[in-house]
Amino acid sequence: MKLIVLRGASGAGKSTVARALRARLGSGIALVEQDYVGRVVLGRSLTDDGTNASLLDALVRAALPVAPAVLLEGILSTEHYGDVLLGLRATPGLESWFYRFDVPFEVTVERHARRGKAGSFGETELRRWWRAADPLVDADGRVLDRSITAAETVEAVVERIIADTGLTAGTDPL
């Protein structure tokens with residue numbers, strides 16, 4: 001069982017990388033999106049307040065045994081989701097990788113302006129959700145996140161995650 005978590009600010013590139021990674025790896029890769037669960041499933045406009053934490057946890061846990069890998073992506077602030085993420089990490093038999101998009105605020109605003117949902121919210125909301133530093137830390141004080149910077153291309157990030165996880169293109173469901 002493999003879990004890949006992509007965390008960071010709105011507009012940082014998490015969804016773009018998740019979809020590119022899924023397309024590259026092939027069928028069977030499960031994708032759990034914090035925004036989709038919050039906005040579509042629960043009908044909420046704010047999706048990083050922790051309301052959907054138990055549902056994200058349940059979806060990931062349900063997908064793990066039936067998919068070669070599960071991608072979990074979202075803002076996933078440690079304030080509201082840290083316990084869930086650490087709980088998932090502690091799952092017996094699970095290999096996990098955590099990536100944090102360390103992208104400057106100005107870059108997230110620029111990237112957001114190019115997205116289809118740019119009209120749904122703007123810089124004011126992005127600023128309210130912004131966290132300059134939000135490391136996921138284990139009980140021993142070790143930072144678990146691997147940093148992704150604004151200078152890295154989507155293709156480079158996808159290649160790095162594939163190399164880190166040992167997944168291969170065309171992975172089929174179990």
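Check off (1) part of a helix (DSSP H, G or I); (2) open to solvent by less than 40 Å² (accessible area, probe 1.4 Å) for F101 and give me the number that stays unchecked.
In the conditions (1) part of a helix (DSSP H, G or I); (2) open to solvent by less than 40 Å² (accessible area, probe 1.4 Å), F101 misses (1) alone.
Are any residues in region 24-51 surrounded by 15 or more Cβ atoms within 10 Å (Cβ to Cβ) and in contact (Cβ under 8 Å) with a residue 60 or more places away in the chain, and if so, which ones?
Hits for region 24-51 are R24, L25, G26, G28, I29, D48.
Looking at (1) open to solvent by 40 Å² or more (accessible area, probe 1.4 Å); (2) over 13 Å from the mean Cα position of the chain (by Cα); (3) at pLDDT below 95, find the lone condition where T108 falls short.
Among (1) open to solvent by 40 Å² or more (accessible area, probe 1.4 Å); (2) over 13 Å from the mean Cα position of the chain (by Cα); (3) at pLDDT below 95, the lone unmet condition for T108 is (1).
Return the only residue of L72, L56, L76, L86 being in contact (Cβ under 8 Å) with a residue 24 or more places away in the chain, closer than 16 Å to L144 by Cβ, open to solvent by less than 10 Å² (accessible area, probe 1.4 Å) and not in a loop (DSSP other than H, G, I, E, B).
L72
Among the numbered criteria (1) assigned to a helix (DSSP H, G or I); (2) in contact with a helix residue (DSSP H, G or I) (Cβ under 9 Å, 6 or more places away or on another chain), which single criterion is violated by Y36?
That leaves (2) as the condition not met.
Any residue that is among the aliphatic types (A, V, I, L, M), surrounded by fewer than 21 Cβ atoms within 10 Å (Cβ to Cβ) and not in a loop (DSSP other than H, G, I, E, B) - is there at least one of those in region 1-18?
The answer is no, given that none of the residues of region 1-18 is among the aliphatic types (A, V, I, L, M), surrounded by fewer than 21 Cβ atoms within 10 Å (Cβ to Cβ) and not in a loop (DSSP other than H, G, I, E, B).
The values are calculated or read from the model by the stated rules, or taken from the named source; none is laboratory data. Being a predicted model, the structure only gives us computed values, none of them experimental. Glycine also receives a Cβ, built like all others from the backbone with ideal geometry; neighbour counts cover every protein chain displayed. The area values use the complete protein model at the heavy-atom level, side chains included, leaving out ligands, DNA and RNA. Shrake-Rupley method; radii C 1.70, N 1.55, O 1.52, S 1.80 Å.
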